[in-house]
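Please read the structure below before turning to the comments.
The values are calculated or read from the model by the stated rules, or taken from the named source; none is laboratory data. Model, not experiment: these values are computed from the prediction. So basically every Cβ, Gly included, is an ideal-geometry build from the backbone, and we count neighbours across all protein chains shown. In case anyone asks, the SASA skips ligands and DNA or RNA and just uses the protein heavy atoms, side chains included. Shrake-Rupley method; radii C 1.70, N 1.55, O 1.52, S 1.80 Å.
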Amino acid sequence: MTAAMQEARRRGTCFGLLFCLPRLEDFYGRLGWRRIDRAVAMHDAAGRTVPLTAKNICMELALAGEPLPPGPIDLEGRDW
């Protein structure tokens, strides 16, 4: 994860976004990620826009000193 974050910074990526199980929040938090409470939408198998499943939390990392822009997040596809 540290190597991926360094590479993202090197490439000029402004911020990172990840989704994980709540039990992993402390792990990612130690790497600098912070939990954000935002509405997150995805597409279900039928292509409908639906909320991200409740099993996941959303975390962000400011890579270039810029936080994730405010507002809801639409993955514009299925969750992974």
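Kindly establish whether ARG23 is out of contact with any strand residue (DSSP E or B) (no Cβ under 9 Å at 6 or more places or on another chain), among the charged types (D, E, K, R), on the phi < 0 side of the Ramachandran plot and not in a loop (DSSP other than H, G, I, E, B). Against the criterion (out of contact with any strand residue (DSSP E or B) (no Cβ under 9 Å at 6 or more places or on another chain), among the charged types (D, E, K, R), on the phi < 0 side of the Ramachandran plot and not in a loop (DSSP other than H, G, I, E, B)), ARG23 qualifies.
Applying a threshold of 7 Å to beta carbon distances and a minimum spacing of six or more residues, or different chains, the list of pairs starting in segment 17-42 at a residue that is without any contact (Cβ under 8 Å) to a residue 60 or more places away in the chain and ending at one that is open to solvent by 70 Å² or more (accessible area, probe 1.4 Å) and of a type in the set (A, V, I, L, M, F, W, C) reads LEU31/MET1.
Of the residues making up segment 18-39, not one is loosely packed, with under 11 Cβ neighbours inside 10 Å and under 17 Å from GLY77 (Cα atoms). Number of residues in segment 1-58 that are in contact with a Gly (Cβ under 8 Å, 6 or more places away or on another chain) and within 22 Å of GLY71 (Cα to Cα) equals 5.
Output the residues belonging to segment 40-62 that are open to solvent by 50 Å² or more (accessible area, probe 1.4 Å), in a loop (DSSP other than H, G, I, E, B) and within 13 Å of PHE19 (Cβ to Cβ). Those that are open to solvent by 50 Å² or more (accessible area, probe 1.4 Å), in a loop (DSSP other than H, G, I, E, B) and within 13 Å of PHE19 (Cβ to Cβ): THR53, ALA54, LYS55. Among the residues of segment 4-20, those identified as assigned to a loop (DSSP other than H, G, I, E, B) and out of contact with any strand residue (DSSP E or B) (no Cβ under 9 Å at 6 or more places or on another chain) are ARG11, GLY12, THR13.
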